[in-house]
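To start, the structure itself, in structure tokens.
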Amino acid sequence: MLALDAHLTYPHCNGFHDGGERVALARYDADAVRIISVRWRGPNPDERVLHVLPPIPADRAGTPNGLIWFDIARGSGRLAVVIGNVLHVADADGALEPLWRPPAGHTLDGLVSITADGTRVAATADSGTIWSAWEVEVATGQTTLLFEKPWYANHIHYCPHDESRLAFSKEGPTLQTPDRVWSWHADAAPNGQCALDQQAISDSPGEFVAVGHERWCHHDTAALVVAYGSSNAGPRGLYFAYPDDRPPRLVGAGERYWHCDISRDGQYAIVDTSGPYDKPGRGWQDAGNISDVLLIDLATGTSRPIARTTATQHPWHPHPVFTPTGDAILHNHLTTSTRGVAVRTL
């Protein structure tokens, strides 16, 4: 393992920096939360502490009562993170600096997104009744209110292929949310638009396909979306969804897919599963706390196993991600005695 008790940032965020040869991880120590950096390739991880944050208490199982996610600008290395309801940024090799606090009565969501050049950060906040999306100019701290929704809007992230488009989710109970995948564009969709008609892809009249854990792509203005095994309708597996007139496409059938990531060239996906991939059943049926990591060829839909691990509550989900060059994947790895981040060369 790269770093014991450390975990990857969220799959649609970026943790890679220094030319992609290092990855930043979060670790919850008793005295502080530390964002550390390790070299993921080769025998010497060369662990370094990037930032020290206030501690977060943990439960008896050692799971923190609160989570730290962050996003690193792919080009500039600038990091964005929420600490104590304040958006902070840090330049590469620089200290964290407070940038923006939401309006009074609003709570920032912990998942934020920064542009590749590090000049803008997108964030969502809620007032208890209204969820709002904001864009913050890093150089000036100037903020723009992008949209408001009367429902839980989260998982905001810039589409890597076209950063004029922002992705976000309609969060809610999976089996009760028929319009999960959304995007925003200043001209084409100033109030946001649903990017996937979940009823239209259903093979069961009157039912919709339950989806989530979408991850927007580097190679196209599109999202890779998981249709969960727990869905009452199918087909289940992986879909491409689009914010334009292109119809959604099933690109990998599967009854246990859970989280996903996509290679930057769009050729391969990586998923973790809700239970053993080779065991009958779907979703969490007879899962046995097992999660497999599978590599999927998106041209053929075929898959092959990469790793087997276990899964508990956040942040100890596998959350597999491709390295920038696509020649390896990293995932959170749990055993009966240890937890950390594992590297699998493809």
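The values are calculated or read from the model by the stated rules, or taken from the named source; none is laboratory data. In this text, all values refer to a predicted model and were calculated from it rather than measured experimentally. Cβ placement follows ideal geometry from the backbone for every residue including glycine, while neighbour counts extend to all protein chains displayed. For the accessible areas, the whole protein counts, side chains as well, though only heavy atoms, and no ligand, DNA or RNA atoms are used. Shrake-Rupley method; radii C 1.70, N 1.55, O 1.52, S 1.80 Å.
Remarks
- Accessible area per residue for segment 190-327 is 39 Å², calculated with a 1.4 Å probe on protein heavy atoms, without ligands, DNA or RNA.
- In percent, rounded to a whole number, the relative contact order of segment 11-140 is 16, using alpha-carbon pairs under 8 Å and six or more apart.
- For segment 1-67: rounded, prolate or oblate by the Cα gyration tensor [a/c cutoff 1.5]: prolate
- Shape category assigned to segment 76-210 from the gyration tensor of Cα positions, a/c cut at 1.5: prolate
- Whether segment 20-114 is rounded, prolate or oblate, judged on the alpha carbon gyration tensor where a/c under 1.5 counts as rounded: oblate
- Simple Cβ-charge dipole of segment 91-152, Lys/Arg +1 and Asp/Glu -1, about Cα centre, in debye nearest 20: 260
- Across the chain, C-alpha contacts under 8 Å between residues 6 or more apart give a mean separation that, scaled by the residue count, equals a relative contact order of 11 percent.
- Nearest-20 debye value, segment 109-227 charge dipole, Cβ charges on Lys, Arg, Asp, Glu: 140
- Estimated vicinal HN-Hα couplings, Hz - segment 208-218 in sequence order (Karplus 6.51, -1.76, 1.60; Gly, Pro = x): 10, 7, 7, 9, x, 6, 5, 9, 6, 9, 8
- Extreme residue, positive dipole direction of the chain, given options 291, 185, 263 (C-beta unit charges): 291
- Share of carbon and sulfur in the accessible heavy-atom surface of segment 193-346 [1.4 Å probe, %]: 48
- Sorting the segments 213-225, 96-108 by their residues' average number of neighbouring beta-carbon atoms within 10 angstrom, most packed first, yields 213-225, 96-108.
- For segment 209-299, DSSP calls about 95 percent of its internal beta bridges antiparallel.
- Each Lys and Arg contributes +1 and each Asp and Glu -1, all at the Cβ; summed about the Cα centre of the chain, the dipole is approximately 680 debye.
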